[in-house]
Each structure stands twice: as structure tokens, then as C-alpha cells.
1. Please grab the % of Cα pairs in the chain that end up more than 28 Å from each other.
2. Could you list Thr200, Thr59, Thr205 so that the one with the fewest beta carbons within 10 Å of its beta carbon is first and the one with the most is last?
3. Place +1 on the Cβ of every Lys and Arg and -1 on the Cβ of every Asp and Glu in the chain, take the dipole about the Cα centre, and give the residue among Asn71, Phe160, Ala5 whose Cα lies farthest towards its positive end.
4. Quote the charge dipole size of the chain about the Cα centre in Debye, to the nearest 20; the model charges only the Cβ of Lys and Arg (+1) and of Asp and Glu (-1).
5. Give the peptides 246-255, 187-196, 39-48 in descending order of average Cβ contacts within 10 Å, highest first.
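What follows is calculated from the coordinates using simple rules that are stated; it is not laboratory data. Just so we're clear, the structure is a prediction, and the values are computed from it rather than from any experiment. No Cβ is skipped: glycine too gets one built from the backbone with ideal geometry, and neighbour counts run over all protein chains shown.
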Amino acid sequence: MLIDAHHHLWKHNRHDYGWMDSEALRPLRRDYLPSDLVDATQSSGVGGTIAVQARQSLTETEWLLQLAAKNPLIRGVVGWVPLCLPDVSHMLEPLAANPKLRGVRHVVQDEPDPLFLLREDFNQGVAQLQPLGLVYDILIFERHLPQAIAFVDNHPNQVFVLDHVAKPRIKENLLQPWADHIRELAKRENVYCKISGMATEADWTRWSVQQLRPYFDVVLAAFGPRRLMFGSDWPVLTLAADYATWVDTFRSFIAGLSADEQERISSGSAREAYGLR
């Protein structure tokens, strides 16, 4: 069984999803709902998914939890809460009572402050997650990795999942300094990494398995199979590939591993990191 540890759902409107306004993202400007998710995944052996926030809104978090309650394919939700607010615990605790809420994410990559991850108020909010059994998903660009390392060191007991292998500069075929920073971050045993978002960091029309392979090899050597997990980033993925193509690409990456290692990356790591029931 394959668990897709990273996809999105939305009912599109321009006000809430302004990040889609560029012409290049026009294909995303429509609704993507659970029925579309089922259609996309049904031929790829996906037995469970994790829906991840796509806008900074408690309303969206609650909506994703409602969808997860009605759709058994969605095994968990990574939502958004205003972690910088001093009373965030009052919002977190009732949400965390829902067993489908498995984690929280903030879109750090879009923050104008390059040191946002080190803000005191943000870190105080993140400190509220571990007692509630919630993961924190790290969404950053490659340039934020040094700050991410310091951020993780502030929370040694918190489970973290790095999204999209930290968005290296694949389009430019650059491995450094990304690779060195990834190796350093991976020394922290409380950090997992998603094999997701790679095709869309390359040229959308010209990427190849061979181009992406060195980036997979770096995270495999750094995190090992035990802390890697599959993710699609669907429907953002569709800018560069269809769902089945990405699954085939992922399976080509892990084909040389043992059956146990393949199972671990395909589903076991996601089940462990997010405590999926």
C-alpha cells in the first residue's frame, strides 16, 4: 500500500487563493475535491492520504477535517493555526481533540523575514504542538535550511517533517549548498522528509527521472529509508506531471531497495511520523 503523505484540496476562489494568480498557475484555479483525489489516485495503489493546508486559515483547517471525517481515504490532516498568537493553545486544543488532525504547517517560504523560523512568538507556538501529539511540517526554500537546523534544535522532542526535500534548485541542476545542509539537518533524528514537490522545482516540461535522481540519492543517504516518505503534492504536481507519472518516478527511485525499505518509504514512515490510525 502507498500512503500519499502530502496533497491538497480546495474550493477555489480568488480571494482565498491569491497565490494562484500568476498565469503559470492558471491550471490550478478550479476546485479539487475528494472525488478528484479518488480519480487521481485509484490506479496507483494509494490506500491513504494526508491532506495539507493550502492557505493560512482556521476555516480551511476545519473544512479539511470535515472532509477527512467523510472520506476514509484521507487518513490525516496537516492544518494551519496562528502559531504566533500568545493564546494559540486555546485554538489548538479543541482542534487536536479531532483524531484526524495530525500536524500543523505555516507557509514559511512566503514570509518576508528570512529569520521567521527563529522568531520567539513562533517558537512559543510550535512548543505547544508536541504535548498534543502534533507534527510540524517545515515548508521552506533551500536558502532557509540553516535557519531550519537552528529551529529544529530549539525543539528536540518535537516531530518534524520536511516538505518537498526543502525545494532545492533542481531547475538549475544545483546540488550545493542544499546537499550539505540536508545532511546536517538529517542528523536530527526527530526530522522526517517527504519525497514530494521535486518535479515542480525542475523545468515543468523538460524534467526527467535522471535529473531528479541525484536529489533523491542525497536524502536517501542522509535520512535513510526509515525517515523518508512518499508525497505527491497533488494537484500542484499537475503543473509538471500527472499522478501516475509521479508514482512511477518514485517507484523507480526505490526499486533497488529491499522490500522492507520500500514498504517503509511507501507507507511505514508516514504512519509512524503522523501516528496514523
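1. On the way: 11343 of 38226 pairs.
The share of Cα pairs beyond 28 Å in the chain comes to 30 percent.
2. Fewest-to-most Cβ neighbours within 10 Å comes out as Thr205, Thr59, Thr200.
3. Result: Asn71.
4. On the way: 28 positive and 34 negative charges, 90 e Å.
Its charge dipole is roughly 440 debye.
5. Numbers: 246-255: 18.0, 187-196: 20.7, 39-48: 15.8.
Going from most to least packed, we get 187-196, 246-255, 39-48.
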